[in-house]
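S.K.: Pasting a structure below so you can have a look.
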Amino acid sequence: GAGVSQTPSNKVTEKGKYVELRCDPISGHTALYWYRQSLGQGPEFLIYFQGTGAADDSGLPNDRFFAVRPEGSVSTLKIQRTERGDSAMYLCASSLDGNNEQFFGPGTRLTVL
Amino acid sequence: AQSVTQLGSHVSVSEGALVLLRCNYSSSVPPYLFWYVQYPNQGLQLLLKYTSAATLVKGINGFEAEFKKSETSFHLTKPSAHMSDAAEYFCAVTKSNDYKLSFGAGTTVTVRA
């Protein structure tokens, strides 16, 4: 079956602009996670959804970052007033529930010029 | 809090030689430990996981890892490297029944013919 998909695969934007990154989880997975991977680093947790609600957003770096999952499936990570330091690979993962293996998508590489 | 240290950001091995990737963890409670592999332009793929059962864990593609509590280590090995093993490898830790993965910085493996 289809795995986790993320669009776009690459996004180049200018400092100060708004961006949206989309994640389509595996069908039937109630848990969804966003991670950020900076160059030379491992992924860092951003936010965890169980169903439609954000169960843990403790990893979001500041209030410019926001994520939604309105129907409990597709999620969108939104970044306002982008900064050069936001440049990274943004990874999405999903799992059956919060206690199961996380399956990762290929990521969106965000570059802020 | 859980954390992971991967010793060596780059490892180069000859085809057919032993692959050894080192991972040490710190955790205030018994951990769950994972190894993921990331091929270029692909998502993270789970190689194997330790969840407090057998200390020697076998994974996919001939990899295995041994949990050593006394050394707080979870090193990954493969007896004979193949060209297809060239990738980036991440060690990760979480608490039991927790969803938040903490990753190491990763080790890039190159395989020489």
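The values are calculated or read from the model by the stated rules, or taken from the named source; none is laboratory data. This structure is a prediction, so every number in the text was calculated from the model and none was measured. No Cβ is skipped: glycine too gets one built from the backbone with ideal geometry, and neighbour counts run over all protein chains shown.
S.K.: Can you work out which of the residues in region A:31-43 that are facing another protein chain (nearest Cβ under 10 Å) and crowded, with 18+ Cβ neighbours inside 10 Å is farthest from residue A:83 (Cα to Cα)?
M.R.: Filtering region A:31-43 for residues that are facing another protein chain (nearest Cβ under 10 Å) and crowded, with 18+ Cβ neighbours inside 10 Å, the one farthest from residue A:83 (Cα to Cα) comes out as A:31.
S.K.: If we scan region A:82-97, do we find a residue that is in contact with a Cys (Cβ under 6 Å, 6 or more places away or on another chain) and not acidic (Asp, Glu)? Can you show your working first?
M.R.: Going residue by residue through region A:82-97, those that are in contact with a Cys (Cβ under 6 Å, 6 or more places away or on another chain) are A:92.
Now restrict to residues that are not acidic (Asp, Glu): A:92.
Yes, region A:82-97 contains at least one residue that is in contact with a Cys (Cβ under 6 Å, 6 or more places away or on another chain) and not acidic (Asp, Glu).
S.K.: Restricting region B:10-61 to residues that are modelled with pLDDT of 95 or more and among the hydroxyl-bearing types (Ser, Thr, Tyr), which is nearest to the chain's Cα centre (by Cα)?
M.R.: In this case the residue turns out to be B:36.
S.K.: Could I ask something else about it? Restricting region A:44-61 to residues that are over 28 Å from residue B:89 (Cα atoms) and either without any contact (Cβ under 8 Å) to a residue 24 or more places away in the chain or away from every other protein chain (no Cβ under 12 Å) (or both), which is surrounded by the most Cβ atoms within 10 Å (Cβ to Cβ)?
M.R.: Our first condition is that a residue be over 28 Å from residue B:89 (Cα atoms); within region A:44-61, this holds for A:51-55.
Of the ones still in play, those that are also either without any contact (Cβ under 8 Å) to a residue 24 or more places away in the chain or away from every other protein chain (no Cβ under 12 Å) (or both) are A:51-54.
Numbers: A:51: 14, A:52: 13, A:53: 9, A:54: 19.
In this case the residue turns out to be A:54.
S.K.: Report yes if residue A:87 is hydroxyl-bearing (Ser, Thr, Tyr), touching a Lys or Arg at 6+ places or on another chain (Cβ under 7 Å), modelled with pLDDT of 95 or more and surrounded by 15 or more Cβ atoms within 10 Å (Cβ to Cβ), otherwise no. First the steps, then the outcome.
M.R.: Numbers: hydroxyl-bearing (Ser, Thr, Tyr): yes; touching a Lys or Arg at 6+ places or on another chain (Cβ under 7 Å): no; modelled with pLDDT of 95 or more: yes; surrounded by 15 or more Cβ atoms within 10 Å (Cβ to Cβ): yes.
Here the answer is no, as residue A:87 does not meet what is asked.
S.K.: Going through region B:84-113 one residue at a time, which ones are within 11 Å of residue B:31 (Cα to Cα) and charged (D, E, K, R)?
M.R.: B:95, B:98
S.K.: Just for region B:64-86: of the residues that are of a type in the set (A, V, I, L, M) and under 16 Å from residue B:9 (Cα atoms), which one is farthest from the other protein chains (Cβ to nearest Cβ)?
M.R.: Residues of region B:64-86 of a type in the set (A, V, I, L, M): B:65, B:76, B:81, B:83, B:86.
Next, from what is left, pick out any that are under 16 Å from residue B:9 (Cα atoms): B:76, B:86.
Values: B:76: 14, B:86: 18 Å.
Top of the filtered list is B:86.
S.K.: So, in region B:62-80, how many residues would count as being part of a loop (DSSP other than H, G, I, E, B) and modelled with pLDDT under 95? Write out each step before concluding.
M.R.: First pass over region B:62-80, keeping only residues part of a loop (DSSP other than H, G, I, E, B): B:63, B:72, B:79-80.
Filter once more, so that each one left must be modelled with pLDDT under 95: B:72.
Total satisfying the criteria: 1.
S.K.: Sort out for me the strands (runs of 3 or more DSSP E) sitting completely within region A:62-113 that have 2 or more residues that are in contact with a helix residue (DSSP H, G or I) (Cβ under 8 Å, 6 or more places away or on another chain) and more than 14 Å from chain B (Cβ to nearest Cβ). Show your work before the answer.
M.R.: On the way: elements: A:65-68, A:75-79, A:88-95, A:108-112.
In region A:62-113, the matching strands (runs of 3 or more DSSP E) lie at A:108-112.
S.K.: Filter region B:87-104 for residues that are of a type in the set (Gly, Ala, Ser) and either more than 8 Å from every other protein chain (Cβ to nearest Cβ) or over 15 Å from residue B:36 (Cβ atoms) (or both) and give the result.
M.R.: Restricting attention to region B:87-104, the residues satisfying the condition of being of a type in the set (Gly, Ala, Ser) are B:87, B:92, B:96, B:102, B:104.
B:87, B:96, listed by residue number.
S.K.: Hey, another quick one. Given (1) touching a Lys or Arg at 6+ places or on another chain (Cβ under 6 Å); (2) over 20 Å from residue B:100 (Cα atoms); (3) more than 14 Å from every other protein chain (Cβ to nearest Cβ), where does residue A:18 come up short, assuming only one miss?
M.R.: All conditions are met except number (1).
S.K.: Follow-up question, since we're still on this one. For region B:62-97, which residues satisfy the criterion of being within 11 Å of the chain's Cα centre (by Cα), of a type outside the set (D, E, K, R) and surrounded by fewer than 17 Cβ atoms within 10 Å (Cβ to Cβ)?
M.R.: Scanning region B:62-97 gives a single hit, B:77.
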